[in-house]
Amino acid sequence: MQSMVKHLYAVLALGGFGLLSFAAANNPSLSSKEGFEAVEQWLAQQTDADIDAQEEPDEESMTRYYLESLAIAKALYDHPVNLNRGDMADLERIVWLSSFQIKSLLHYRKEHGRIASVYEIPYILGFDEETARWLQYFVTTADSGGGNAPRGKRGKGEVVATARRQLQPVKGFMLPDSAANRYLGDPYTLTLKADYTWRSRWQLHIGADKDAGEPFFTGGHHGADSYAGSLAYQGEGLIRKIVLGHFKMDWGQGLIAGNAFSAGISTLSTAAKRQASGLRPYTSTGESGFLNGIGCTLDRGHWTWSGWYARTALDARLVRQDTLGNDSYFTSFLTGGLHRTAGEETHRRQVRETVTGAHLQWRVPDCVLGVTWMQYRFDRPFLPEVQPYRLFADRGTGGYNLGADFRFTWRGMLGFGETARSGNGAWALTAGMQWLWPGNACVYMIYRRYDRDYHTRYGTSAGASSSVANENGWHLGFSLPGPGRWTWSGYADLARMPWLKYGTDAPSSARRYALRMQYTASRRNSLSLQWLWRTRDVNRTGSPVDQRITSVRQQEIRCRFQWVPSARLTLQTQIAGKHYRKESAGSNGFILAQNATILLWQERLQCYAQAAFFRTDDYQSSVYLSEKDMLYGFSSGMYYRCGWHTALMFRYTVERQWSLRCKYAWTRYRQPGIGSGLNALDGHIRDEVRCQIIRKF
């Protein structure tokens, strides 16, 4: 009890420390953040809002989503869209704008002529001051086209080197050298990311990555575990885009080609319709989820054609039929990119996949029609393990998809959808309508129907399941400006799975409801309250076959309060509670967190601190917490049992060319034993150090 009171005082002291800094601050301006730093902060806030809408946020998937969003934001920041010269295709690069907003902006430009500055944006139907505040970093109104390269330079570059280490050794490092599953490398995670942009048209990216436990210049390994690279060209004439190396693609509603940008189900009304980002270079350091080859986009009048060819080596679990390796096949894809042990090393690049595809699009201001075709082939058969829920899973050496998508706007109404067919004759369909009224009131509805045997390699779509298969459902949502400075948003998602799925040995259903209330007193103060309720069918615990499913219910409430007392200080308080119930057993969890961000020494030094206390009955009632991290990084973890988590990060900038970031994170549990498997710790403390050096030129 005394320990709890002591740590509670530490949380309150953090808030007091922020108040003292506020008293010492002498700059009364609202915000002095400039450049990409402000974009990074805005995007982190948007990602937090998207995570709040997820009933079970996955750290890996949400980190990947954040990095995808950050890559798009960085490309827009380096190559801003000209509001006076850009057409629909150019404006669609800003994936956070809805189709209605793009149409409204083009209509405003046609009726009123040239847009003088970004301060004119709030007067356009469908826009407000908040939209204009973040949009200013991605657009320009200058006749020259703008750009964020330094004056007098034709290009700009950036090199980012990051190192990370957990101070306590996990089980994988403690095993004897003779153990087959001992980690082969050191405990450091190292990444290197280099980007160069020339004349706002050419972009070169090179990346390298080594995870903790992977060899680095030892054991016959020459350098990092994985490398990435791409060269991209973006023009304004016939050749709109060319990408060489690693790239991603996203078309329509993602039923066929959707491996790029998706927020999933969210309370944000702009997430109702998926905004396809087309072809774009892969600039992250992840080791999966991309294609390796060439892609091109051509534009002529109302027509746009894109094509791509890729041959990518994939990690897979291989099964050999004889000692010579003949007639081998693989049972699963491995997307983690980990090669720490001798066993994991045997899965490296075991399968070669060849992907060929094309997308043809016809567009006018009020209507867009598209057709997508994609074929994928493996150099050996894919034969997943036989399980009842996998009866209709994809098998063989490949397949193809063919589909059509549409989008139209009429007054304040937006219609969108896509239908697709896989090579076995199965279908997938999604279609929706969105209505927008003056004042940014929005209501939308989306229907989806995915056959249980529909197959796609790179398709993704919002739904109750992680795959585009075995699901029928409706998604209804709204976003309404309330009285005063309140904004209300929410959704209801009703789904039915006609076949079995993992953990549910019978046809099942799922329902999700979410409500979010946002109060913005001013640019300095904001309050958000999120309520999430979910029920889904799962197997009973130790039940007879004829009574094998039951319903699981889950509720979560999360509250965030942010106060910006001065340009040098930002305070945020967060509290969340969760209840989980299966059959007659229930569990609860909560977390309380306080963080502060302070700018010192003419804003060259930024200090960030966070302290949190969490307590849950079990893993099912675990709660998540996100926090600031390195540039091109995102930290969001699930916490369960009882303990404390603190984090302290510093960022120091030298004349806008050099930047250094250091972070220390410490987590203490009441009971010993952290993690599982090879990442298990015997103690009750886990702390980690991260350092990053950024050089801009």
Original post:
Looking at segment 395-411, which of its residues are surrounded by fewer than 21 Cβ atoms within 10 Å (Cβ to Cβ) and either among the polar types (S, T, N, Q) or touching a Pro at 6+ places or on another chain (Cβ under 8 Å) (or both)?
Top reply: Arg395, Gly396, Thr397
**OP:** Show the residue pairs that are 6+ apart or on different chains and have beta-carbon atoms under 6 Å apart, the first residue being within segment 663-682 and open to solvent by less than 50 Å² (accessible area, probe 1.4 Å), the second being of a type in the set (Gly, Ala, Ser) and at pLDDT 90 or above.
**Re:** Ala665/Ala647; Tyr669/Gly643; Leu678/Gly172
Original post:
Is there a residue in segment 249-269 that is at pLDDT 85 or above, touching a Pro at 6+ places or on another chain (Cβ under 7 Å) and in a strand (DSSP E or B)?
Top reply: no
Original post:
If you take the residues of segment 198-216 that are in contact with a Ser or Thr (Cβ under 6 Å, 6 or more places away or on another chain) and not in a strand (DSSP E or B), which of them is nearest to Val160 (Cα to Cα)?
Top reply: Asp211
**OP:** Look through segment 297-316, keep the residues that are outside any strand (DSSP E or B) and out of contact with any His (no Cβ under 8 Å at 6 or more places or on another chain), and return whichever of them is most open to solvent (accessible area, probe 1.4 Å).
**Re:** His302
Original post:
Considering segment 601-621 alone, what residues qualify as being surrounded by fewer than 16 Cβ atoms within 10 Å (Cβ to Cβ), of a type outside the set (Asp, Glu) and out of contact with any Phe, Trp or Tyr (no Cβ under 8 Å at 6 or more places or on another chain)?
Top reply: Trp601, Gln602
**OP:** Examine segment 391-408 for a residue that is of a type in the set (Lys, Arg), touching a Cys at 6+ places or on another chain (Cβ under 9 Å) and within 18 Å of Ile256 (Cα to Cα), and state whether such a residue exists.
**Re:** yes
Original post:
Hey, does segment 643-658 have a residue that's among the hydrophobic types (A, V, I, L, M, F, W, C), free of Cβ contacts under 8 Å to residues at least 24 places away in the same chain, in contact with a Leu (Cβ under 9 Å, 6 or more places away or on another chain) and surrounded by fewer than 18 Cβ atoms within 10 Å (Cβ to Cβ)?
Top reply: no
Original post:
Scanning for something part of a loop (DSSP other than H, G, I, E, B), open to solvent by 20 Å² or more (accessible area, probe 1.4 Å) and touching a residue at least 24 places away in the same chain (Cβ under 8 Å), does segment 542-550 turn up at least one residue?
Top reply: yes
**OP:** Would you mind finding the one in Arg421, Arg377 that is open to solvent by 30 Å² or more (accessible area, probe 1.4 Å), part of a strand (DSSP E or B) and farther than 22 Å from Tyr450 by Cα?
**Re:** Arg377
Subject >> Residues of segment 70-129 satisfying the condition of being within 19 Å of Pro365 (Cβ to Cβ), open to solvent by 40 Å² or more (accessible area, probe 1.4 Å) and charged (D, E, K, R) >> reply: Arg85, Asp87, Arg93, Lys103, Arg109, Lys110, Glu111, Arg114
Original post:
Quick one: is Asp195 farther than 30 Å from Asp453 by Cα, open to solvent by 30 Å² or more (accessible area, probe 1.4 Å), among the charged types (D, E, K, R) and within 23 Å of the chain's Cα centre (by Cα)?
Top reply: no
Subject >> In segment 271-298, residue nearest to Leu369 (Cα to Cα) [restricted to those that are at pLDDT 90 or above and in contact with an Asp or Glu (Cβ under 9 Å, 6 or more places away or on another chain)] >> reply: Leu279
Original post:
Does Ala404 fit the bill of being among the small types (Gly, Ala, Ser), under 30 Å from Phe173 (Cα atoms) and assigned to a strand (DSSP E or B)?
Top reply: no
Subject >> Residues of segment 529-563 classified as modelled with pLDDT of 90 or more, among the hydroxyl-bearing types (Ser, Thr, Tyr) and out of contact with any Ser or Thr (no Cβ under 6 Å at 6 or more places or on another chain), total >> reply: 1
**OP:** Determine which member of the set Gln518, Gln602 is among the polar types (S, T, N, Q), more than 30 Å from Thr667 (Cα to Cα), modelled with pLDDT under 90 and assigned to a strand (DSSP E or B).
**Re:** Gln518
**OP:** Could you pull out the residue among Tyr444, Tyr458, Tyr519 that is in contact with a Gly (Cβ under 6 Å, 6 or more places away or on another chain) and not charged (D, E, K, R)?
**Re:** Tyr444
Original post:
Do we have Tyr624 as in a loop (DSSP other than H, G, I, E, B), open to solvent by less than 50 Å² (accessible area, probe 1.4 Å), in contact with a strand residue (DSSP E or B) (Cβ under 7 Å, 6 or more places away or on another chain) and closer than 29 Å to Cys691 by Cα here?
Top reply: no
Subject >> Residue identified as within 29 Å of Phe247 (Cβ to Cβ), free of Cβ contacts under 8 Å to residues at least 60 places away in the same chain and either out of contact with any strand residue (DSSP E or B) (no Cβ under 9 Å at 6 or more places or on another chain) or buried (at least 19 other Cβ atoms within 10 Å of the Cβ) (or both) among Leu190, Leu231 >> reply: Leu190
Original post:
Taking the stated definitions as given, is Thr131 free of Cβ contacts under 8 Å to residues at least 60 places away in the same chain and part of a helix (DSSP H, G or I)?
Top reply: yes
Subject >> Residue among Asp177, Asp186, Asp143, Asp195 that alone is modelled with pLDDT of 90 or more, farther than 27 Å from Arg485 by Cβ, of a type in the set (Asp, Glu) and part of a loop (DSSP other than H, G, I, E, B) >> reply: Asp186
Original post:
Name the pairs: first residue in segment 327-350 and without any contact (Cβ under 8 Å) to a residue 40 or more places away in the chain, second residue in a helix (DSSP H, G or I), Cβ to Cβ under 6 Å, at least 6 apart or on different chains?
Top reply: none
Subject >> Sole exception among (1) open to solvent by less than 70 Å² (accessible area, probe 1.4 Å); (2) over 25 Å from the mean Cα position of the chain (by Cα) for His475, by number >> reply: (2)
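The values are calculated or read from the model by the stated rules, or taken from the named source; none is laboratory data. From a predicted model like this one, the values you see are computed outputs, not experimental measurements. For neighbour counting, all protein chains shown are included, and Cβ atoms are generated from backbone atoms with ideal geometry for every residue, glycine included. SASA here: full protein model, heavy atoms, side chains in, ligands and nucleic acids out. Shrake-Rupley method; radii C 1.70, N 1.55, O 1.52, S 1.80 Å.
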